[in-house]
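J.: My questions will all concern the structure given below.
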Amino acid sequence: MPAPPDPAEPRWPRLWLRRADQAAVAGIVVVALTAMIGHWLYHGGRQGQMIEVDRVEPGSIAYTVDLNVADWPELTVLPGVGETLAKRIIAERAENGPFRDFNDLRRVRGIGPRTLERLTPYLRPLPDFEATADQSPSRKDS
């Protein structure tokens, strides 16, 4: 027959943390909660203002694309230009040389006057090819 349990021995199961460890964990939790409440109060508590996405003014991004340098993925961000039209622009540039002005873009099949008008604000100004040669007076070496 088994011996009756000793009344001086505790009956609860042994936990995996000792009492000192439990006290340390409880202290850390109290410090963390205090820090969170302090942060909440510092930022206004119940009167704090949160940003509501519906109220934020929509931002606009101004970007321009250089027709003579851009690859087709860059051209697809332009309004009305998909992958096919962007690849046609690249092919036209490779076949007939760089675009000298925006009207040269009309050489590309699928770009008419309306499309060109819609694209012009997003195109970086093209260089003046006649003025690109160094026409400044030559420097004299002393």
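J.: Quick check on segment 60-76: of everything there that is without any contact (Cβ under 8 Å) to a residue 40 or more places away in the chain and in a loop (DSSP other than H, G, I, E, B), which residue is nearest to the chain's Cα centre (by Cα)? Lay out the reasoning, then the answer.
T.: Here is the first cut: in segment 60-76, the residues without any contact (Cβ under 8 Å) to a residue 40 or more places away in the chain are 60-62, 69-76.
If we keep only those that are in a loop (DSSP other than H, G, I, E, B) too, we end up with 60-62, 69-71, 76.
Numbers: Ser60: 14, Ile61: 12, Ala62: 15, Val69: 23, Ala70: 20, Asp71: 20, Thr76: 17 Å.
Filtering first and then ranking leaves Ile61.
J.: Residue check: is Leu119 buried (at least 17 other Cβ atoms within 10 Å of the Cβ), in contact with a Gly (Cβ under 6 Å, 6 or more places away or on another chain) and either part of a helix (DSSP H, G or I) or among the polar types (S, T, N, Q) (or both)?
T.: So Leu119 does not fit the description; no.
J.: While we're here: Only residues in segment 90-114 that are closer than 13 Å to Asp66 by Cβ count as the first member; pair them with residues that are hydrophobic (A, V, I, L, M, F, W, C) and assigned to a helix (DSSP H, G or I), Cβ under 7 angstrom, at least 6 apart or cross-chain, and list the lot.
T.: Once the first residue is closer than 13 Å to Asp66 by Cβ and sits in segment 90-114, its partners that are hydrophobic (A, V, I, L, M, F, W, C) and assigned to a helix (DSSP H, G or I) give Ile90/Trp72; Phe99/Leu105; Phe102/Leu116; Leu105/Leu116.
J.: Then there is this: Looking at (1) within 18 Å of Asp66 (Cβ to Cβ); (2) at pLDDT 90 or above, which one does Ala131 not meet, given that it meets all the others?
T.: Against the list (1) within 18 Å of Asp66 (Cβ to Cβ); (2) at pLDDT 90 or above, Ala131 comes up short only on (2).
J.: For Glu57, work out the one condition from (1) at pLDDT 85 or above; (2) exposed (fewer than 15 other Cβ atoms within 10 Å of the Cβ); (3) within 28 Å of the chain's Cα centre (by Cα) it doesn't fulfil.
T.: Here Glu57 meets the rest and fails (1).
The values are calculated or read from the model by the stated rules, or taken from the named source; none is laboratory data. Given the structure is predicted, the values throughout are model-derived calculations rather than measurements. Glycine also receives a Cβ, built like all others from the backbone with ideal geometry; neighbour counts cover every protein chain displayed.
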